[in-house]
Amino acid sequence: MLLKRSRGWEINQNKVTDENLFLNRRNFIKSIAAGAVLAPGFSMMAAPVKAAKIIPSADPNTSLYPASRNRSYTVERAMSDEYDATTYNNFYEFGSHKSIYRAAEALETRPWTLAIDGLVEKKQVLDFDALVHKMPLEERVYRHRCVEAWSMVIPWIGIPLANIIEKLEPNSKAKYVAFETVYRPSEMPGQRKRILKWPYIEALTMAEAMNPLTLIAVGLYGQDLLNQSGAPMRLVVPWKYGFKSIKSINKIHFQESQPKTSWNMSASNEYGFYANVNPEVDHPRWSQSRERRIGNGFFGAKQPTLMFNGYQDEVAHLYQGMNLKKYF
Ligand SMILES: Nc1nc2c(c(=O)[nH]1)N[C@H]1C(S)=C(S)[C@@H](COP(=O)(O)O)O[C@H]1N2
Ligand SMILES: [Mo]
């Protein structure tokens, strides 16, 4: 393919507020999604080609982006390229391969509601746009590690989950919080297949949910989330394998018992409830001691996996005294 990669984040760092640059990059990705990007000069030759379609952002909250970076959360590794982060994705609702970014355009992200129920004072249905306007947004650069042993470094924009939970007032019986992705087989072709038991469900202990690292992401690379990244809101739990970071959430449920979660139900010997990144606990079918950095090429040098994905200081206390080989 003749696609030109956008430059690395570091190079563009001081252009973070350059709206045009972002819009151009974003529209570039969206026009690939619309199937309309051609090599320059190629359009004359190919007969039935659609004109490049610029799809405007579906997000009415563009004034909220970019958000200012919280410098307490930075990563010594280089930022991943936005192109990689938005074209190499896991989102099984749209297919069990990495190139789901075109298929994900079918998801209707407005209006979007978030239902809050279970053991909580303020049971309610929130409107996403109202929520995102009420809570201050911040940017945080986090490591992102998939259980498949690849990794990226991503600048998320989001709201600490604890700030949302405090407002909802869960009662003292609530020990866990579960999250659900929308169930819309008409828009999500993967949900018409039994790859997983739909809808996708993930969960955290209350202590994990309240940890300052846990984020509800509503954007990345200075803008709102694209569908493939889990628009309009997804979880980001950077010390756990990526499958815990559930996308396109429309329900949060507080409960006393440990929720049944999608990957754990499909193969509990491979995908534990905790799923903390741990170089010493291998997946039954592959080693977790090293990881492939997306953007380095398939044969690029691998790097060592970090305990709790490098967030040991922030989260190790949550698991003190636990046998991490048993509770993996
Ligand atoms: N609803 C839903 N959320 C999901 C997934 C999914 O298939 N469906 N995949 C998970 C996995 S395995 C990973 S690694 C991350 C990938 O996030 P990214 O595509 O933004 O890198 O999303 C997670 N969230
Ligand atoms: Mo993953």
* Please identify the trypsin sites (Lys or Arg not before Pro) of segment 177-213 that satisfy two criteria: DSSP loop assignment and at most 10 other Cβ atoms within 10 Å. Which are they? -> 194
* Asked: Taking the Cα atoms of segment 150-247, what is the range of coordinates along each of the three principal axes, in descending order and whole Å?
  -> 38, 34, 26
* **Table column - 3J(HN,Hα) (Hz), segment 111-122, Karplus curve with 6.51, -1.76, 1.60, x for Gly and Pro** => x, 9, 10, 10, 8, 10, 8, x, 7, 8, 5, 9
* To do: Fewest Cβ neighbours within 10 Å first, please rank 262, 172 accordingly.
  => 172, 262
* Label point distance in nm, residue 323-residue 186, each placed 7 Å from Cα along Cα→Cβ -> 5.0
* **Length gained when the stretch residue 148-residue 78 is fully extended (0.36 nm per residue, less Cα-Cα span)** => 23.2 nm
* To do: Go through segment 256-328 and name the trypsin sites (Lys or Arg not before Pro) that are in a DSSP coil and have 14 or fewer other Cβ atoms within 10 Å of their Cβ.
  => 260, 285, 325, 326
* Give the peptides 160-167, 244-251, 108-115 in descending order of average Cβ contacts within 10 Å, highest first. => 244-251, 160-167, 108-115
* **Nearest-0.05 FRET efficiency for residue 133 and residue 298, computed from C-beta distance (R0 51 Å)** => 0.75
* chymotrypsin sites (Phe, Trp or Tyr not before Pro) within segment 273-310, DSSP loop, no more than 16 other Cβ atoms inside 10 Å -> 298, 299
* To do: With viscosity set to 0.890 mPa s and temperature to 25 °C, compute the Stokes-Einstein D of segment 192-328, Rh being the Kirkwood radius across alpha carbon pairs; µm²/s, no decimals.
  => 150
* Asked: What pairs in 302/326; 197/325; 173/247; 193/325; 240/260; 240/302 have C-alpha atoms more than 24 Å from each other?
  -> 302/326; 197/325; 173/247; 193/325
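Any read-out appearing in this document is the output of simple, stated calculations on the displayed coordinates, not a laboratory observation. This is a predicted model, so every value here is computed, not measured. Here Cβ is always computed from backbone atoms with ideal geometry, including for glycine, and neighbour counts include all displayed protein chains.
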